Amino acid sequence: MRFDGWGRRLRTILAALATATLLGTSAAATAGAAPPAPRPLHPPRTVGFDQYSMIIGGQRTFIWSGEMHAYRLPSPTLWRDVLEKMKATGLNAVSFYFDWGYHSPAPGVYDFTGVRDMDRLLTIADQVGLYVIARPGPYINAETDGGGFPAWLTTQAGKARSDAPDYLAATDQWQSAIDAIIARHQVTNGTGSVILYQIENELAATGTSQRNYLQHLYDKAHADGIGVPIFHNDKGRNGIWVPANSGVEGTVPGPTDLYAFDGYPGGTCHTDGSVGAPSAAPDWGIQGAGGAKGGATASPNTPGFAAEFGGGWFDYWGSVGTYPCTAQRQGSGYERVFYGTNIANRLTVQNFYMTFGGTSWGWLPAPVVYTSYDYGAAIDEARQLRPKAAALKSLGYFVQSVAPLTKVDKGPDVLPSSTAVKVEHTVNPDTDTHFYFAVHNPSSATTDDSFTFPISTADGSYTLPLRLNGQDAKTLVADYDLEGQHLVYSTSEIETHLPGVALLHGRDGESGETVLRYASKPAVQVLSGSATSSYDPATGDLKLSYTHHGLIRVRINALTLLIADEGTANTFWRVDSEAGPVLVRGPELVRTAHAAGPLLALTGDTTAPADLEVWGPRQSLLVTWNGVLVPARPTTSRSLTAWRQLPGPAPVPLPDLSRATWRYAPESPESQPGFADVSWRTADLTTTNSTTKPPAGQVVLTADDYGFHHGDVWYRGHFAGSAPPSVSFDFGGGGAGLIQAWLDGKYLGQYVLPTNLASPPTRGTATFVVPPGMPDGDHVLSVMVRNDSHNEDGGVNDAHKEGRGLIGVTGLSTAVTWKIQGGDSSADRVRGPLNNGGLYGERTGWYLPGFDDRGWTTRPVPDTDAPAGTSWYRTTFDLRVPRGEDASLGLTIGGDSSSTQPRGHYRVLIFVNGWNMGQYIADVGPQHTFVLPTGVLDPHGPNTLALAVTSDGGPVNALERVQLANLATARGGVGT
Ligand code: GAL
């Protein structure tokens, strides 16, 4: 080696060390934080496809995608956190719904700033290295208010999701706005990572009007510059809206380039929260029966594409809280069986709904859900990887590492030795690589079966022993080029491989064998763990036999073979650097790897002291972790391993809110007879486009007609004469909607829409008895209706136009003049249209951090009594989360769901620094803990909490204990 070469190398190392030290200093402040990078520029790439897979830039690509909704995480900084976690979890794509209503408070008004900055979102996705499946609706469903329709659309005459001109004019507005953003992030332009675009969602009506409507959306997308393939998401695998040239009998052709469908077949949780029995995985591709609903595909010229495949399920008002159960039911075993079945069926585009569910904050939740949209997903609402993320990661690394999987045909039938199992067989016609998907028969079975099955490849015939225990499935690979070594077969599964190293895995305690082929006897060295090897000179087969346990390391010629049990496999992370892929073992999470000369800079998280071992590009000699140089030594496994463990996080001190000073003020002044409502709008409309017309002779009262779309709406009805004995209100309130009424300031009571039914009503009738003895004269009836959002329109029947607020009133015999007041969706430009309703405290800024509450009295929390109506509690608290740590915090109200204490008849809107982070309903449940994302919370400063407590009045209906909760702490994160 020449001296000047060494000199250059030394200089690079010294320069790298200097950078590392510098990074080290600043990293102490914000570990893992990177300055916002400019939008990456790539060469433009084509997006093509055939029946096998997507072909991006000429390269077949298995799309392993996760769904997340930026609108369910009002913190752009944390978008990067979640997207990096998705990437680390083996996903190479993210699917985003875009919620029209989230951006549009009024016709013609669109907002893409702050938490609604979708350009920023798409830039981050590209920087993180995720392809994007863009799903802008116009209709999305998604358990969001109105299924993603803006609330102002409820007042349109034309039928939604049809070719009605006023509706199409509205969707044109939205598409013009959102397409402009999506279009400039297309892979095909070289300025982003969008590869697919969805028009409409589950449009199950297939009449001419819907066909015209879809065509209109398709043409508009093209006119707006969308050049990537366009698809629709079929509600189930029904062959609806397949590309026109599909030609499969029984399908419905549509203006689409690709056919995609969704499915949630995993089995459910019982209403008591216990895990239900698994169901069997459907063959929705080449292993299935023929025809529109099964068979090779309903669309023979396009890849198998699950636009949504269950990654969990949502939960509803009044449930016992099923997310923990769902995370198990749709857990690792489910993922292996169901996603594995999809792989065997050649579904090479799979998107898991949800991978991060997030929070339906403000008035986002559709009537069918409460605030938490955790979904039992792989990444929980507090942004932590659940155990089930491990199987998602294994499968994701596998489908991205083993390229022949992107082009397979159904192989000859394989007959296992036991009828308790089946083996689905696929073969790549170019490389002759074979894939054997072994699963129980039926796949819902959970027995413990050991069996053998025969394989026959170009390498010869073999009999493979295998075991399936519990809800499990395995995909084995045979006749495969494993980093230049020839893999004959392995009964361990391939997790990933990169130059010089391969990682295989199997269940702890199960035996495995791996056969590689060499022209002459290779040098084999078992570096750790136990494995035996034998070489057969006749075939050239080198056979390794072992039991999966911990980490077995075997060196064969130039290859380091790592064979891990599941728990150990989960400690590995594969990340890409400029110099090639990197495999890391040890930390809780590895986010990024950058290679510069001999320096390999890693970022990631630890939740406890952790090992660090790295298989990086050849030239990587120095490793930094979150900017700090990590002293490391080379190992016989050809890795670098840190001398010392990486540190875990320091404890996070949290203020005790029961010791805080709580400022208190009652409101609901609208309930009092003397309240001045002269400036309120008089309810004088006589026609409405809502599906709920007023009774004959009454004016329209439905709130949307008067521009009051979200949250609470107040009515004051003035009439003269004698007081009625009772009065009944037909009202629309959404999920767990509420009505409270007063006559001349006297509280009549409240009524809550029932929630414990299979299909809970969103509209109901409340009858209040008027106490006797009210004097004759002028009266005022004050009514507050809480609108827990508009219905979705899944049935294409304008269900979102069901009236909200009052619909009709019976029991009053004289003429009534109604005044109405609600929230202004355009008022809070920062927090957006869904943050506020029409409570007095909202209309006058009590929810905002800057509001001066010094004139208020103080009250203890928990409190001992509550007035009927709404009252506010405000406090401030300081957070001192250690720098360089990511603490995921929440707010807990009351006990846990299993508490046997009487449930108070009260509910709370939780405003954190002005952000409406959810609704607690004590007597409905199930949610007690509300996730508060960093960004909404300032982790290093003062924060303001304002609670709007709406109560039925009295001591048992008073505010319970309120506490901050630390849901997880990591050292690392994306910085704040
Ligand atoms: C799908 C729908 C999604 C969502 C999901 C259930 O059918 O396309 O928008 O509603 O069901 O979470």
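The values are calculated or read from the model by the stated rules, or taken from the named source; none is laboratory data. Bear in mind that the values here come from a model prediction, so they are computed numbers and not experimental data. Here the Cβ is made from the backbone with ideal geometry for all residues, glycine too, and neighbour counts use every protein chain on show. Ligands, DNA and RNA are excluded from the accessible area calculation, which covers all protein heavy atoms including side chains. Shrake-Rupley method; radii C 1.70, N 1.55, O 1.52, S 1.80 Å.
Placing pseudo-labels 7 Å out from each Cα toward the beta carbon at H718 and A815 gives an inter-label distance of 1.3 nm.
Extension gain, S728-T446: 0.36 nm per intervening residue step, less the Cα-Cα distance, totals 96.1 nm. When shorter helices are ignored and each DSSP H run of at least 4 residues is given -39500 (n - 2.57), the per-residue value for the chain at 222 nm works out to -4000 deg cm²/dmol.
Think of the chain as a dipole: +1 on every Lys or Arg Cβ, -1 on every Asp or Glu Cβ, centred on the Cα centre; then among Y906, M68, G310, M68 lies furthest on the positive end. Highest mean packing comes first when the peptides 914-925, 667-678, 197-208 are listed by Cβ atoms within 10 Å, giving 914-925, 197-208, 667-678.
Three principal axis extents of the stretch 245-294 based on alpha-carbon atoms, in descending order, are 47, 23, 15 Å.
Under a 5 Å amide H cut-off, with hydrogens placed 1.01 Å from N, G954 pairs with A866, A868 among residues at least 5 apart or on other chains.
By per-residue mean of other Cβ atoms within 10 Å, what is the highest-first order of 465-474, 497-506, 133-142?
Output ranking for 465-474, 497-506, 133-142: 133-142, 497-506, 465-474.
Mean separation of Cα pairs under 8 Å and 6 or more residues apart, divided by the residue count, gives the stretch 845-965 a relative contact order of 44 percent.
Calculated on the alpha-carbon coordinates, the convex hull of the stretch 304-372 measures out at 89 cubic angstrom per residue. Charging the Cβ of each Asp and Glu at -1 and of each Lys and Arg at +1, and nothing else, the dipole of the stretch 521-633 about its Cα centre rounds to 360 debye. Amide H contacts for G711 (H built 1.01 Å from N in the peptide plane; partners 5 or more residues away or on another chain; cut-off under 5 Å): N787, S789. Charged side chains reduced to their Cβ positions (Lys and Arg at +1, Asp and Glu at -1) give the stretch 594-678 a dipole of some 780 debye around its Cα centre. Cβ under 10 Å from D541's Cβ, D541 left aside: what net charge do those residues give with Lys, Arg +1 and Asp, Glu -1? Summing Lys/Arg as +1 and Asp/Glu as -1 gives 0. Please state the shape class of the stretch 499-580: rounded when a/c is under 1.5, otherwise prolate if a/b exceeds b/c and oblate if not, all from the C-alpha gyration tensor. Here the stretch 499-580 falls in the oblate category. Listed peptides 68-74, 527-533, 618-624 appear in the order 68-74, 618-624, 527-533 once ranked by packing, highest mean of other Cβ atoms within 10 Å at the front. Considering the stretch 454-502, its Cα convex hull presents a mean projected area of 3.9 nm².
Any idea which of A601, P860, A88 is furthest toward the positive side of the dipole for the chain, if Lys and Arg beta-carbons carry +1 and Asp and Glu beta-carbons -1? Comparing the listed Cα positions along the dipole, A601 ranks first.
Shape class for the chain: prolate, because the ratio a/c of the largest to smallest gyration tensor axis (alpha-carbon atoms, square roots of eigenvalues) is 1.5 or more and a/b beats b/c.
Across the stretch 553-680, Cα-Cα distances exceeding 22 Å account for 51% of all pairs.
Residues within the reach of a label modelled at K746 (point 7 angstrom out along Cα to beta-carbon, backbone nitrogen below 20 Å), restricted to the stretch 930-958, are 952-954. Projected onto their three principal axes, the Cα atoms of the stretch 431-535 cover extents of 43, 32, 25 Å, largest first. Charge dipole (Cα centre; +1 on Lys/Arg Cβ, -1 on Asp/Glu Cβ; no other charges) of the stretch 811-879 amounts to roughly 200 debye. The 3J(HN,Hα) values that the Karplus relation (6.51, -1.76, 1.60; θ = phi - 60°) gives for the stretch 801-812 are, in residue order, 8, 4, x, 10, x, 6, 10, x, 10, 10, x, 9 Hz. Gly and Pro appear as x. Note on surface exposure: D315, D611 rank D611, D315 by accessible area, highest first, 1.4 Å probe. In terms of distances greater than 28 angstrom between alpha carbons, the cross-link table entries K85/K801; K159/K235; K235/K388; K87/K521; K220/K410 yield K85/K801; K87/K521; K220/K410. Annotation note: trypsin sites (Lys or Arg not before Pro) in the stretch 784-844 located in DSSP loop regions with a Cβ neighbour count of at most 14 within 10 Å are R829. Per residue, the chain exposes 34 Å² of accessible surface when a 1.4 Å probe is rolled over the protein heavy atoms with every protein chain present.
Inter-label distance, R638 to R184: 4.6 nm, where each label sits 7 Å from its Cα along the C-beta direction.
By the gyration tensor of its Cα atoms, with a ≥ b ≥ c the square roots of the eigenvalues, what is the shape of the stretch 760-843: rounded for a/c under 1.5, prolate for a/b over b/c, or oblate?
Here the stretch 760-843 falls in the oblate category.
D952 contributes an accessible area of around 50 Å² to the protein surface, as traced by a 1.4 Å probe with all chains present.
Share of carbon and sulfur in the accessible area of the stretch 898-976 stands at 49%, probe radius 1.4 Å. The label point for D852 and the one for T864, both projected 7 Å from the Cα toward the Cβ, are 3.2 nm apart.
As a length-normalised measure over Cα pairs under 8 Å and 6 or more apart, the relative contact order of the stretch 179-223 settles at 24 percent.
Expressed as a fraction of 2.2 N^0.38 Å, the rule-of-thumb size for a compact globular protein of N residues, what is the C-alpha radius of gyration of the stretch 545-590?
Normalised Cα radius of gyration, the stretch 545-590: 1.29.
For the chain, the relative contact order is 12 percent, taking Cα pairs closer than 8 Å that sit 6 or more residues apart in sequence and dividing their mean separation by the residue count. Suppose R0 equals 30 Å; then what is the FRET efficiency for A519 and S545 from their Cβ-Cβ distance, rounded to the nearest 0.05? It comes to 0.85. Between W174, W241, S671, the Cα set farthest toward the positive side of the dipole of the chain (charges on each charged residue's Cβ, about the Cα centre) is that of W174.
What FRET efficiency comes out for the pair S679/Q215, r = Cβ-Cβ distance, R0 = 60 Å, nearest 0.05?
Working from the Cβ atoms, E equals 0.80.
Using the Cβ-Cβ distance between V320 and D119 with R0 set to 30 Å, the FRET efficiency from 1/(1 + (r/R0)^6) comes to roughly 0.15. Within straight-line reach of K746, meaning a Cα separation under 24 Å, sit the following lysines at least 8 residues removed in sequence or on another chain: K819.
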